[in-house]
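Heads up, the thing below is written out as structure tokens.
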Amino acid sequence: MNFHLVINMERMDASSSYSEVARHVTEMVQIAEDAGFHIVWAAEHHGIEMTIAPDAFQILTWLAAHTSRIRLGTAVVVSPYAHPVRVAGQAALLDVYSDGRLDLGLGSGAYQWEMDRMKPGLKQQDAHLYTQELLPAVRALWEGDYSHQGEYWNFSRITSVPKPVQASSPPVWIAARAPVTFDFAVKNNCNIMSWALARPFSEVELYKERFETALKDNPGVPRPVFATMRQTAVYNKPSDGDPYLDAFISKTARFENLFKNIADVKEGFPEQVDLESIAGEDRFNREELQKNLMFGTPDEVLSKLEQYKAIGVDDFIYNASYGLDRERQKSSLKLFCREVAPVFA
């Protein structure tokens with residue numbers, strides 16, 4: 001099982017400077033690289049302090065200069081905000097700068113609040129249609145001169161400058177939850193990244209079933225990588241878990257605001273919502289979170305990862321970004337690298 005890292009620049013309030021946060025992210029990535037992590041992922045979000053990521057390619061170019069082996073992935077380029085020519089060129093330039101370490105991740109975007117500002121009128125559930133048009137156009141531009149007449153973009157003959165330096169086309173990943181997205185990914189030779197949020201393990205099993213269904217419905221295609229992500233916390237004793245749960249619950253209350261657009265955002269800081277007031281959100285109790293997330297002692301986390309491996313998860317994405325203080329983030333990652341990752345090497 002390969003391990004990936006998601007680590008965002010995040011500020012939950014204005015007490016931390018941007019330079020402190022940037023330095024911490026760089027150090028976390030270097031810890032992961034030293035431990036043999038396969039990929040680090042950078043997000044795209046706009047106007048939100050808890051995920052400071054206006055340009056994933058810019059973040060990854062910085063990280064390329066401070067690492068030498070770990071692969072560099074966009075998780076994700078938000079397709080409705082993109083343009084095929086720009087994405088093709090930006091992605092290829094990162095591949096040049098990093099000596100061929102690019103993994104291109106595409107997706108719909110998560111936050112309706114953000115979409116209302118970046119693409120007014122678009123509903124999040126319809127955003128996958130942009131990915132379906134974006135991907136073939138980017139691949140064509142990497143090949144050479146190409147013109148495009150589509151539903152969302154139109155442009156005359158042009159090519160990607162530069163071109164990727166990888167011997168074959170850079171790996172492409174699709175963020176998938178719905179069956180139609182799994183089918184598109186498999187049909188188009190894309191790896192899959194899935195995220196069960198804070199839902200039970202049965203949600204991971206559901207996504208794996210959708211993956212297997214897509215494989216069955218597209219016979220003869222190569223089997224892509226199936227990866228899944230969870231917020232992760234590793235600590236020495238069960239009694240040490242409270243600060244990690246506190247941080248996750250606090251950030252989740254803001255995430256639900258952005259996802260459902262149900263409260264305000266002031267100066268880039270989303271207001272928290274009362275999770276108990278949201279119908280169907282009773283899963284956010286501490287006992288359920290402890291069970292569902294990749295939280296626990298090294299032995300507990302190992303046991304959970306064995307479940308993932310047993311159902312056929314290829315890669316696990318360690319999400320370190322959920323509002324946790326920087327020292328605990330670093331302590332958790334180091335403990336994971338020392339006590340957990342070597343078991344799956």
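Only the coordinates and a few stated rules stand behind these numbers; no lab work does. Just so it is clear, the model here is predicted, and its values are computed rather than measured. Neighbour counts are summed over all protein chains in view; Cβ atoms, including those assigned to glycine, are modelled from backbone coordinates with ideal geometry.
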Q) What number, rounded to the nearest 500 deg cm²/dmol, is the helix-based mean residue ellipticity at 222 nm of the chain, given -39500 (n - 2.57) per DSSP H run of at least four residues and division by all its residues? A) -12500 deg cm²/dmol
Q: May I ask you to list the trypsin sites (Lys or Arg not before Pro) in the stretch 94-179 that are in a DSSP loop and have at most 13 other Cβ atoms within 10 Å of their Cβ?
A: 123
Q: Work through the residues other than residue 228 whose Cβ is under 13 Å from its Cβ and net out their charges, Lys, Arg +1 and Asp, Glu -1.
A: +2
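I need the calculated FRET efficiency for the pair residue 165 and residue 34, taking r as the beta carbon distance and R₀ as 22 Å, to the nearest 0.05. Present the calculation step by step, with values, prior to reporting the outcome.
Working: r = 25 Å, r/R0 = 1.13.
Efficiency computed from Cβ-Cβ geometry: 0.35.
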Q: With a ≥ b ≥ c taken as the square roots of the eigenvalues of the C-alpha gyration tensor of the stretch 47-197, please select rounded if a/c is under 1.5 and otherwise prolate if a/b is larger than b/c or oblate if it is not?
A: rounded
Q | Pairwise label distance in nanometres, residue 287 with residue 307, each label 7 Å out on the Cα-Cβ vector | A | 1.5 nm
Q. For the chain, with only Lys/Arg (+1) and Asp/Glu (-1) charged at the beta-carbon, what is the dipole magnitude about the Cα centre, in debye rounded to 20?
A. 760 debye
(Q) As a quick test, which of the pairs 266/291; 260/330; 187/208; 123/291 have an alpha carbon distance above 22 angstrom in this structure? (A) 266/291; 260/330; 123/291
Q: Select from 189, 7, 313 the residue farthest towards the positive end of the dipole of the chain; place +1 on Cβ of Lys and Arg, -1 on Cβ of Asp and Glu, and compute about the Cα centre.
A: 189
Q. In what sequence do 135, 94 fall when counting other Cβ within 10 Å, fewest first?
A. 135, 94
Q. According to the Cα gyration tensor, what semi-axes, each the square root of 5 times an eigenvalue, does the equivalent ellipsoid of the chain have, listed from largest to smallest in whole Å?
A. 30, 23, 21
(Q) Which residue fluctuates most in the GNM of the chain (Cα springs below 10 Å): 60, 305, 293? (A) 305
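Kindly put 249, 48 in sequence by how many other C-beta atoms sit within 10 Å of each C-beta, fewest to most.
Fewest-to-most ranking of 249, 48: 249, 48.
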Q | Residue-span extension gain [residue 212 to residue 83] - 0.36 nm each, minus C-alpha spacing | A | 43.3 nm
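So for 138, 221, 6, fewest C-beta neighbours within 10 Å to most, what's the order? Mind showing how you got there, number by number?
Numbers: 138 26, 221 13, 6 23.
The order, fewest Cβ neighbours first, is 221, 6, 138.
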Q. List the trypsin sites (Lys or Arg not before Pro) in the stretch 210-306 that DSSP assigns to loop (not H, G, I, E or B) and whose Cβ has at most 16 other Cβ atoms within 10 Å. Which are they?
A. 283
Q. In the neighborhood of residue 43, defined by Cβ-to-Cβ distances under 12 Å, what is the net charge if each Lys or Arg adds +1 and each Asp or Glu adds -1?
A. -4
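Ignoring GluC sites (Glu not before Pro) that are buried or in helix or strand per DSSP, and keeping those with at most 13 other beta carbon atoms within 10 Å, what is the longest stretch of the chain between them?
Details: sites that count: 151, 267, 271.
For GluC sites (Glu not before Pro) (loop position, at most 13 other Cβ atoms within 10 Å), the longest site-free span of the chain is 1-150.
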Q: Mind giving me the nanometre distance, one decimal, between the label points for residue 276 and residue 19, set 7 Å out from Cα along Cα→Cβ?
A: 4.4 nm
Q) In nm, to one decimal, how far is the modelled label at residue 237 from the one at residue 221, with both set 7 Å along Cα→Cβ? A) 5.0 nm
Q: Just name one of 137, 270, 198: the one whose Cα is farthest towards the positive end of the charge dipole of the stretch 2-344 (beta-carbon charges, Lys/Arg +1, Asp/Glu -1).
A: 137
(Q) Could you work out the relative contact order of the chain? I mean the mean sequence separation of Cα pairs under 8 Å and 6+ apart, divided by the number of residues, in percent. (A) 19 percent
**Q.** the stretch 1-80 - Rg (one decimal) and Dmax (whole number), Cα, Å
**A.** 12.4, 38
